[in-house]
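K.L.:
Encoded as structure tokens, here's the structure I'll be asking about.
The values are calculated or read from the model by the stated rules, or taken from the named source; none is laboratory data. A quick note: this is a predicted structure, and the numbers were derived from the prediction, not measured. Glycine also receives a Cβ, built like all others from the backbone with ideal geometry; neighbour counts cover every protein chain displayed.
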Amino acid sequence: MVDTLIVGGGTAGCVLAERLSEDPAHTVRLLEAGQLWNDSAAIPAELLDATAMPLSPGAEWLWHYEVVLADDPPVPATIVRGKVIGGSSAINGGYFVRAATADFDAWDRVLGGSATWSFDAVLPMFRRTERDLDFADRPWHGDRGPVPVHRTKQPAPISAAFTVACLDAGFAAVPDLNAPDCGDGVGVVPCNCEQGRRTGTALGYLLPVLSRPNLSVAPRAYATRVRFDGSRAIGVDCVRDGRADTEWADRVILTAGAIESAVLLLRSGIGDPEQLRALGIPVVHPARVGAGFTDHPEIGISYQIDLEGRPSVPLESVLGIDDIEIRPYAVSFTPGVRRLGVALMRPRSCGVLRLRSAMPGAAPLIDYRYLTDEEDRVRLRDAVSTAADVLRRMGARPVDAIPMRSHLDPWLRANLATSQHLSGTCPMGRADDAAAVVDETCRVRGVTGLSIVDLSVVPVPLGRGPQATVVMLAEKAAAHLAS
């Protein structure tokens, strides 16, 4: 038996394992469904190369999920997550932009103004995560953290052309997208990479401390259920190397991500009682797990342009306009064709995640329900019009003609994708909030000995991509859990 059992060695799990094992008297065990490499020299080159996203269909380090993005008629898609030590921080494009001050204002309102997750409260944790290679002298940045943060100084031609077009259209230049209240405009994306190497939380946090005698890691261990004694979590059932086993602990922390943490909670009897009983799952505690998640719908505009390409991080610059982010991907996903992403960062439409079966490994139902709210469609129509103007100023040629604004809705559905930033399946909230699954310290309500620390607990849509905020979340949760 250990003091703390962490389920999921992804972005948040690596941070927690390192921080909680700083106390030599506190034993920590980390379960990870994917592979572990004890030394950075053994990590496959694809996982280290910051200029490529290692997302080939047969890659062993990926979870694949079949989802429905919109209904009537269904818009199916496949999404992926990192199934490897470091999780999605080991496979993503390196985007390391903090959530905006407005996001933490909204988060604080959900908690009734407690200030626990206000921007002022989380800023020290953001600073603790990073070693900013450009703005370390600024009071809102860190210079000693485990994650290097870098902004390209020599942008690829496509990124440079996009920036010039945005400035020509009258948008402001934003020198530091991680500055508080940086405002709307075009800026260079801070990335968690250094000298071309992607540095996720496995490299930054976990691998340097694997020799601690009070820290152990079990790779290729797939958790199937949380064990309870009454309403107290006492361990986790798992399958490792084809054999069933149970890991016992004084405390269990789920850090398996917004999909897998929610699925594990449901299989363990925490969720909608009617749905659980229908699947033959004994109810431990009623909770609205998976009842209203959010993600960032993204409209993809394919275009051609007469510019040379060169190796770069996938996204070097972005244009932010309120809750819209326009992304000129610097890598080509289709030979001869470029992609401009138009993402709605604070959508009103909410999705649903639920179990199809109680069997471990059975795929959950993930229904995004994008574009169901009229305000979302209005914002995306406006954003696509802005994106079309930027492309025109770049001298780019859309592969398919973009219709007039009044005829855009069918075109939006035809070009609908997702940013793969699913969050809020187990949201944080006050004791009197019926939607709340965890409290403001990430402890699961209605039971003891169980916490969740990952993107599933974030109770509001984030106006930026989530990676930097998840690392901060884990730092802050570790401080709560260690006290």
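K.L.:
Considering only residues that are part of a strand (DSSP E or B), in contact with a helix residue (DSSP H, G or I) (Cβ under 8 Å, 6 or more places away or on another chain) and not aliphatic (A, V, I, L, M), which ones fall in the range 55-109?
P.N.:
Passing the criteria: W63, Y65, R81, G82, Y95.
K.L.:
Which one is farthest from G187 (Cα to Cα), of the residues in the range 132-153 that are surrounded by fewer than 19 Cβ atoms within 10 Å (Cβ to Cβ) and in contact with a helix residue (DSSP H, G or I) (Cβ under 9 Å, 6 or more places away or on another chain)?
P.N.:
Across the range 132-153, the extreme among qualifying residues is R144.
K.L.:
Separate question: Here is a check on your reading of the model: is D295 surrounded by fewer than 24 Cβ atoms within 10 Å (Cβ to Cβ) and either under 30 Å from M53 (Cα atoms) or touching a residue at least 24 places away in the same chain (Cβ under 8 Å) (or both)?
P.N.:
Judged against the criteria, D295 is not a match.
K.L.:
Check D376, D389, D432 and return the single one that is part of a helix (DSSP H, G or I), under 26 Å from A102 (Cα atoms) and either over 18 Å from the mean Cα position of the chain (by Cα) or without any contact (Cβ under 8 Å) to a residue 12 or more places away in the chain (or both).
P.N.:
D376
K.L.:
Please count how many residues of the range 277-292 are buried (at least 24 other Cβ atoms within 10 Å of the Cβ) and either of a type in the set (A, V, I, L, M, F, W, C) or part of a helix (DSSP H, G or I) (or both).
P.N.:
Of the residues in the range 277-292, 2 are buried (at least 24 other Cβ atoms within 10 Å of the Cβ) and either of a type in the set (A, V, I, L, M, F, W, C) or part of a helix (DSSP H, G or I) (or both).
K.L.:
Sticking with this one: Give the number of residues within the range 165-184 that are among the small types (G, A, S), assigned to a loop (DSSP other than H, G, I, E, B) and within 23 Å of W140 (Cβ to Cβ).
P.N.:
3
K.L.:
Within the range 444-462, can you find the residues that are over 12 Å from S423 (Cβ atoms) and surrounded by fewer than 23 Cβ atoms within 10 Å (Cβ to Cβ)?
P.N.:
Result: R445, G446, V447, T448, G449.
K.L.:
If you don't mind, there's one more thing I want to ask. I'm told P73 meets every condition in (1) surrounded by fewer than 22 Cβ atoms within 10 Å (Cβ to Cβ); (2) touching a residue at least 12 places away in the same chain (Cβ under 8 Å) except one. Can you identify the failing condition by its number?
P.N.:
Result: P73 passes all but (2).
K.L.:
Out of all the residues in the range 1-18, which are in contact with a Ser or Thr (Cβ under 6 Å, 6 or more places away or on another chain), in a strand (DSSP E or B) and closer than 17 Å to A33 by Cα?
P.N.:
Of everything in the range 1-18, just one residue is in contact with a Ser or Thr (Cβ under 6 Å, 6 or more places away or on another chain), in a strand (DSSP E or B) and closer than 17 Å to A33 by Cα, namely I6.
K.L.:
Here is a further query. Which one is nearest to K153 (Cα to Cα), of the residues in the range 289-311 that are touching a strand residue (DSSP E or B) at 6+ places or on another chain (Cβ under 8 Å) and charged (D, E, K, R)?
P.N.:
Once the filter is applied, the top-ranked residue is E298.
K.L.:
Also, I was wondering about something else. Could you say whether any residue in the range 99-107 is without any contact (Cβ under 8 Å) to a residue 60 or more places away in the chain and within 18 Å of V457 (Cα to Cα)?
P.N.:
Yes - at least one qualifying residue is present in the range 99-107.
K.L.:
Considering only the range 20-43, how many residues are surrounded by fewer than 19 Cβ atoms within 10 Å (Cβ to Cβ) and either at pLDDT 95 or above or polar (S, T, N, Q) (or both)?
P.N.:
Number of matching residues: 8.
K.L.:
Looking at the range 456-483, I want the residues that are touching a residue at least 60 places away in the same chain (Cβ under 8 Å) and more than 24 Å from R288 (Cβ to Cβ) and have a partner that is among the aromatic types (F, W, Y) and assigned to a helix (DSSP H, G or I) with Cβ atoms under 8 Å, at least 6 apart or on another chain. Which pairs are those?
P.N.:
Taking only residues 6 or more apart or on different chains, the pairs are A468/F126; M472/F126.
K.L.:
Would you check which residues across the range 190-226 are over 23 Å from the mean Cα position of the chain (by Cα) and within 19 Å of A52 (Cα to Cα) and list them?
P.N.:
The answer is Q195, and nothing else.
K.L.:
Take the residues in the range 53-67 that are under 19 Å from the mean Cα position of the chain (by Cα) and surrounded by fewer than 17 Cβ atoms within 10 Å (Cβ to Cβ); name whichever of them is farthest from Y329 (Cα to Cα).
P.N.:
Ranking the candidates gives E66 first.
K.L.:
Filter the range 138-161 for residues that are part of a loop (DSSP other than H, G, I, E, B), more than 26 Å from D105 (Cα to Cα) and more than 19 Å from the chain's Cα centre (by Cα) and give the result.
P.N.:
Correct list: R144, R151, T152, K153, Q154, P155, A156.
K.L.:
A further question follows. Which one of D120, D176, D181, D105 is at pLDDT 95 or above, of a type in the set (D, E, K, R), more than 25 Å from Y205 (Cβ to Cβ) and surrounded by fewer than 20 Cβ atoms within 10 Å (Cβ to Cβ)?
P.N.:
D105
K.L.:
What tally of residues in the range 108-117 results from selecting those that are crowded, with 18+ Cβ neighbours inside 10 Å and either among the aromatic types (F, W, Y) or touching a residue at least 24 places away in the same chain (Cβ under 8 Å) (or both)?
P.N.:
Qualifying residue count, the range 108-117: 3.
K.L.:
Kindly indicate the residue of the range 19-33 that is of a type outside the set (A, V, I, L, M, F, W, C) and not in a loop (DSSP other than H, G, I, E, B) and also nearest to L206 (Cα to Cα) among those meeting that condition.
P.N.:
For the range 19-33, the residue satisfying everything is R19.
K.L.:
What number goes with the only condition from (1) surrounded by 17 or more Cβ atoms within 10 Å (Cβ to Cβ); (2) of a type outside the set (G, A, S); (3) within 30 Å of I270 (Cα to Cα) that D373 does not pass?
P.N.:
Among (1) surrounded by 17 or more Cβ atoms within 10 Å (Cβ to Cβ); (2) of a type outside the set (G, A, S); (3) within 30 Å of I270 (Cα to Cα), the lone unmet condition for D373 is (1).
K.L.:
If you scan the range 231-242, which residues turn out to be assigned to a strand (DSSP E or B), modelled with pLDDT of 95 or more and of a type outside the set (D, E)?
P.N.:
R232, A233, I234, G235, V236, C238, V239
K.L.:
Among L319, L315, which is the only one that is part of a loop (DSSP other than H, G, I, E, B) and in contact with a strand residue (DSSP E or B) (Cβ under 9 Å, 6 or more places away or on another chain)?
P.N.:
The unique qualifying residue is L315.
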